[in-house]
Amino acid sequence: MIDFNITYSSEEKASKVWLLLNGRRYLVTLNPWCQQGEDVETFYPKQLAIRLSLAYPNIPDSAWEDFAYDTFDALQRFDLGHIEEAMQNLLKQAVEGGKKK
C-alpha cells in the first residue's frame, strides 16, 4: 500500500510531506530553514533517500537516491502505482542480492 499526504502549517511556515511505503511512514519537512537554499526538487529526494536508507540499511544509498528522485517525479504526476512498483522491485532485488552472498 502507498499513500501520500502534504500538510502546511502557517505558524511553522513549513510543509510536512508524508509518504507511506511498504507499511512505513516517511516524513520530510519542507521549510526555508531546513532547506538552506536548496530547491524542493533537490531537497526532498535527498531527505527521502536518507530516511529510506535508515529503514533499509542493506540497500545501497545510491539505489535509494535513484529511487527518491524517481519517486519525486512520480509524485508530481500523481503516479502512486509507479512508486509502489519501484519500491517492490528494489526490495526484491535486495533480497535476491542478499541470497547470492
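Helix 80-100 sits at what angle to the longest principal axis of the chain, using alpha carbons and giving 0 to 90 degrees rounded to 10? Tilt relative to the chain: about 40 degrees. About its Cα centre, the dipole of the chain is roughly 500 debye, where the only charges are +1 on Lys and Arg Cβ and -1 on Asp and Glu Cβ.
Pair-distance distribution P(r) for the chain, from all Cα-Cα distances in 5 Å bins starting at 0: 2, 12, 23, 26, 18, 10, 6, 2, 1, 0, 0 percent.
Within 10 Å, count the other beta carbons around each residue, average over each peptide in 51-61, 76-86, and list them highest first. Provide the component values of the computation, followed by the final result.
Working: 51-61: 14.9, 76-86: 13.4.
Highest-to-lowest ranking by the protection proxy: 51-61, 76-86.
What is the percent carbon and sulfur in the accessible area of the chain, measuring with a 1.4 Å probe over the protein chains and ignoring ligands? Its accessible area is 52 percent carbon and sulfur atoms. To test your reading of the geometry: what angle, between 0 and 90 degrees and rounded to tens, separates the Cα axis of helix 61-76 from the longest principal axis of the chain? Compared with the principal axis, the helix lies near 50 degrees.
Over the range 1-48, all Cα pairs binned in 10 Å intervals from 0 give whole-percent P(r) values of 26, 52, 21, 1, listed from short to long. For the chain, the mean residue ellipticity at 222 nm estimated from helices alone is -18500 deg cm²/dmol, where every DSSP H run of n ≥ 4 contributes -39500 (n - 2.57) and the total is divided by all residues, rounded to the nearest 500.
The values are calculated or read from the model by the stated rules, or taken from the named source; none is laboratory data. This one's a predicted model, so the numbers in the text were calculated from it and none came from an experiment. Please note: Cβ atoms are built from the backbone with ideal geometry, for glycine as well, and neighbour counts cover all protein chains shown. For accessibility, only protein heavy atoms count, side chains too; no ligands or nucleic acids. Shrake-Rupley method; radii C 1.70, N 1.55, O 1.52, S 1.80 Å.
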